[in-house]
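All remarks here apply to the structure that follows.
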Amino acid sequence: MFFASDNGAGASPKVIRAVADAFQSGPAIAYGDDDLTRAVERRFCELFEREVAVFLLASGTATNALALAHVTPPWGAIYAHEVSHAHATECGATEFYVGAKFVPVAGPGGKVTPEALAAKVRRANRGNPHSVQPATVTITNLTECGTLYRAEEIAALSEICRREGMRLHLDGARFANAVAATGASPAEMTWRAGVDVMSFGATKNGAITAEAVVFFDPALADGFIYRRMRGGHLLSKMRFVSAQFEAWLEAEHWLDLARHSNAMAARLASGLQGLGYRLAWPAEGNEVFPILPAAVAQALRARGLRFHGGNPDALAEPLRPGETIARLIPSFATTPEEVDELLALLTEIGRPAQAAE
Ligand SMILES: Cc1ncc(COP(=O)(O)O)c(C=O)c1O
């Protein structure tokens with residue numbers, strides 16, 4: 001049983017077929033100067049209901065780092081949740097590209113709140129050459145804790161950004177899951193709520209490897225073509241990334257895939273709660289974080305369940321002795337039977353109280 005991550009899953013057959021078709025269609029000019037890439041750029045404009053500047057890349061870390069580097073000066077402060085991927089688990093990639101400094105913001109459930117952000121910015125020592133200067137805010141949707149920002153929450157953060165002269169970046173490695181869960185449009189979840197630039201991930205939700213940086217004001221993208229190349233991320237066979245995006249975005253395939261993984265997560269979350277386990281954070285997309293007695297987590301691993309642990313830093317209340325957080329992530333390919341098998345295994349292992357003894 002595999003619940004370690006959605007990027008552990010394979011790829012959607014539709015996406016795989018599209019890549020195979022692109023191979024069949026013969027040679028094309030390299031480095032993204034091809035028809036498929038032009039078609040994808042147009043598709044992104046339709047999706048977001050406006051003119052956008054789109055740059056395709058191969059990894060989520062590269063999209064975050066290059067996008068953040070593009071909108072932040074080297075002396076800038078980038079405000080990010082303390083457990084955010086860009087700050088905590090990208091080995092300093094953004095700092096490598098721009099030299100700016102992350103300023104971590106705490107908050108339950110992996111979310112930056114307007115109050116916490118405003119308090120950090122107030123203490124920024126503006127104009128003091130000894131301190132980095134407020135420049136950028138980055139949020140993740142879905143968050144690393146499986147919670148989500150609704151459009152109005154994003155708008156509240158962007159209001160602070162406007163007031164303070166900062167840019168708002170969105171890490172959308174699981175943007176599809178957030179859009180599918182809220183039912184809001186991609187436009188409402190981004191530029192209409194004040195997002196300036198986003199990392200749009202497809203890899204975790206059915207692509208082979210396909211990520212994009214999207215600038216909602218094309219003027220802000222000025223120079224990004226050079227930054228991407230200089231960063232070593234202008235792919236010569238870009239058209240195969242484009243082929244993935246074309247198939248993935250066509251006819252809401254990306255949302256169908258995300259709706260499925262969200263539904264599997266909801267089934268898992270309610271099953272876990274039915275068995276008496278509490279969740280560290282509400283499962284609002286496709287990430288589920290049950291709090292388990294360590295003995296139960298160990299028994300699950302021994303019985304072949306593949307999963308990672310969750311980060312306790314974003315908990316509102318600390319764990320009790322002997323407890324641990326499991327991070328269970330269904331993907332577009334997870335079946336209801338697999339979810340039920342996991343729940344049956346938990347039943348067999350024992351109820352929380354018995355297992356903790
Ligand atoms: C929220 C988030 N952002 C960015 C990334 C980075 O993606 P990649 O592994 O493709 O570099 C991940 C990957 O786990 C992620 O979970």
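The values are calculated or read from the model by the stated rules, or taken from the named source; none is laboratory data. Everything numeric here is computed off the predicted structure, so don't read it as measured data. Counting neighbours? That spans all protein chains shown, and the Cβs are built from the backbone with ideal geometry, glycine included. The accessibility values were calculated without ligands, DNA or RNA, using every heavy atom of the protein model including side chains. Shrake-Rupley method; radii C 1.70, N 1.55, O 1.52, S 1.80 Å.
With a requirement of 3 or more residues that are surrounded by fewer than 18 Cβ atoms within 10 Å (Cβ to Cβ) and out of contact with any strand residue (DSSP E or B) (no Cβ under 6 Å at 6 or more places or on another chain), the helices (runs of 4 or more DSSP H) lying completely within region 61-166 that satisfy it span 114-122, 151-164. Quickly run through region 31-60 and pick out the residues that are assigned to a strand (DSSP E or B) and away from the ligand (no atom under 16 Å from the Cβ). Once the filter is applied, which keeps residues that are assigned to a strand (DSSP E or B) and away from the ligand (no atom under 16 Å from the Cβ), region 31-60 yields A53, V54. Of the residues making up region 224-277, those that are under 30 Å from P293 (Cβ atoms) and of a type in the set (G, A, S) are S261, A263, A265, A266, A269, S270, G271, G274, G276. Exactly one residue out of A202, A212, A221 is aliphatic (A, V, I, L, M) and either closer than 18 Å to P13 by Cα or open to solvent by 20 Å² or more (accessible area, probe 1.4 Å) (or both): that is A202.
Among the candidates F48, F44, the residue that is open to solvent by less than 60 Å² (accessible area, probe 1.4 Å) and either closer than 23 Å to H85 by Cα or in contact with a Pro (Cβ under 8 Å, 6 or more places away or on another chain) (or both) is uniquely F48. When region 79-103 is filtered for residues that are free of Cβ contacts under 8 Å to residues at least 60 places away in the same chain and away from the ligand (no atom under 15 Å from the Cβ), the ones remaining, listed by number, are E95, V98, G99, A100, K101, V103. Per the listing R163, R174, R227, the residue uniquely away from the ligand (no atom under 16 Å from the Cβ) and touching a helix residue (DSSP H, G or I) at 6+ places or on another chain (Cβ under 7 Å) is R227.
Which of (1) on the phi < 0 side of the Ramachandran plot; (2) of a type outside the set (S, T, Y); (3) in contact with a helix residue (DSSP H, G or I) (Cβ under 7 Å, 6 or more places away or on another chain); (4) not in a helix (DSSP H, G or I) is the odd one out, the single condition H253 does not satisfy? Checking H253 against (1) on the phi < 0 side of the Ramachandran plot; (2) of a type outside the set (S, T, Y); (3) in contact with a helix residue (DSSP H, G or I) (Cβ under 7 Å, 6 or more places away or on another chain); (4) not in a helix (DSSP H, G or I), the one that fails is (4).
Check region 153-160 and report whether any residue there is of a type outside the set (D, E, K, R) and within 16 Å of the ligand (Cβ to nearest atom). Looking for residues that are of a type outside the set (D, E, K, R) and within 16 Å of the ligand (Cβ to nearest atom), one finds at least one in region 153-160, hence yes. Between V52, V19, which is among the β-branched types (V, I, T) and within 21 Å of the chain's Cα centre (by Cα)? The unique qualifying residue is V52.
Pairing residues of region 224-237 that are open to solvent by 70 Å² or more (accessible area, probe 1.4 Å) with residues that are in a helix (DSSP H, G or I), at Cβ distances under 7 Å and at least 6 apart in sequence or on separate chains, gives R227/L66; R227/A69; R227/H70.
Filter region 104-131 for residues that are hydrophobic (A, V, I, L, M, F, W, C), in contact (Cβ under 8 Å) with a residue 24 or more places away in the chain and farther than 18 Å from D171 by Cβ and give the result. Scanning region 104-131 gives A118, V121, A124. Taking every residue in region 8-29 that is farther than 12 Å from A243 by Cβ and pairing it with any residue that is modelled with pLDDT of 95 or more and assigned to a loop (DSSP other than H, G, I, E, B), at least 6 positions away or on another chain, the pairs with Cβ-Cβ distances below 7 Å are A9/S331; A9/F332; A9/A333; G10/A333; S12/G206; S12/F332.
Which of the residues spanning region 249-270 are crowded, with 24+ Cβ neighbours inside 10 Å and either closer than 23 Å to D21 by Cβ or touching a Cys at 6+ places or on another chain (Cβ under 9 Å) (or both)? If the condition is that a residue be crowded, with 24+ Cβ neighbours inside 10 Å and either closer than 23 Å to D21 by Cβ or touching a Cys at 6+ places or on another chain (Cβ under 9 Å) (or both), then W254, L257 are the ones that fit.
Among residues belonging to region 190-221 that are in a loop (DSSP other than H, G, I, E, B) and not hydrophobic (A, V, I, L, M, F, W, C), point out the one that is farthest from the ligand (Cβ to nearest atom). Within region 190-221, the match that is farthest from the ligand (Cβ to nearest atom) is D217.
Cβ separations smaller than 7 Å between residues 6+ apart or across chains give the following pairs from region 258-274 residues that are free of Cβ contacts under 8 Å to residues at least 40 places away in the same chain to residues that are open to solvent by less than 20 Å² (accessible area, probe 1.4 Å): A269/V288.
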